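Just so it is clear, none of the values below were taken in a lab; they were calculated from the coordinates. Keep in mind that this is a model prediction, so the values were computed, not measured. All Cβ positions, even for glycine, are placed from backbone atoms using ideal geometry, and neighbour counts span all protein chains on display.
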Amino acid sequence: MKKIVLLLGMSMVILQSCAEKDTTFLISETSVGPLQRTTPVKEIETIFVGDSIVQDSLKTNIGGKTDRIKIFEKGGKHLLTLTPSSDSIPSIENIRVFDSRYTTSSGVGLHSTFQDIQRNYGIKKIVTTLNSVVVFPKNSNLYFTIDKEELPSNLRYTVANIEAVQIPGTAKIKYLMVGWE
């Protein structure tokens, strides 16, 4: 009897460890939560049926390109903003993540720092803008914006190129974007 109970207990542990991970808020190279890189825009309402979707209905009804589609969780929390492509069958071209529950498999998300990006991806390129720096990781379609307020004071007002060694590891991510071009 003890052997049967032990076998049943071990079976339960094995089954639980083999169960699929929850991907509701997982960012990968080909998906953001339930959205796939190939998801047509017309399927967004079906995918986020339990959430609120806000888009320019006038443009959509007359056949024009919708500029942005905002996804809100029931209760009002802003999850994502999607930018559709201008293809004949529009898909999602860019995604801005607003909810910190969305993270990569290595745990990088809106709560992360520049050091987390470097540790998990490495840096391909950094673009300096007037108020921020945009960090493009190696081998990834993610990109991160860091506010210049996170930089040392001597770099906050420069438009010169800022290099990775000049950005503190503790600099927080302001925006997290995914680009599927």
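Got a sec? How would TYR157, TYR175, TYR121 order by Cβ neighbour count within 10 Å, fewest to most?
Ordered by Cβ neighbours within 10 Å, fewest first: TYR157, TYR175, TYR121.
Taking every Cα atom in segment 44-165, find the radius of gyration and the maximum pairwise distance Dmax, and write them in Å.
17.3, 50
Given the pairs LYS42/LYS125; LYS42/LYS74; LYS74/LYS125; LYS74/LYS138, which are separated by over 31 angstrom at their Cα positions?
LYS42/LYS125; LYS74/LYS125; LYS74/LYS138, as the Cα separations exceed 31 Å there.
Quote the charge dipole size of segment 76-181 about the Cα centre in Debye, to the nearest 20; the model charges only the Cβ of Lys and Arg (+1) and of Asp and Glu (-1).
About 220 debye.
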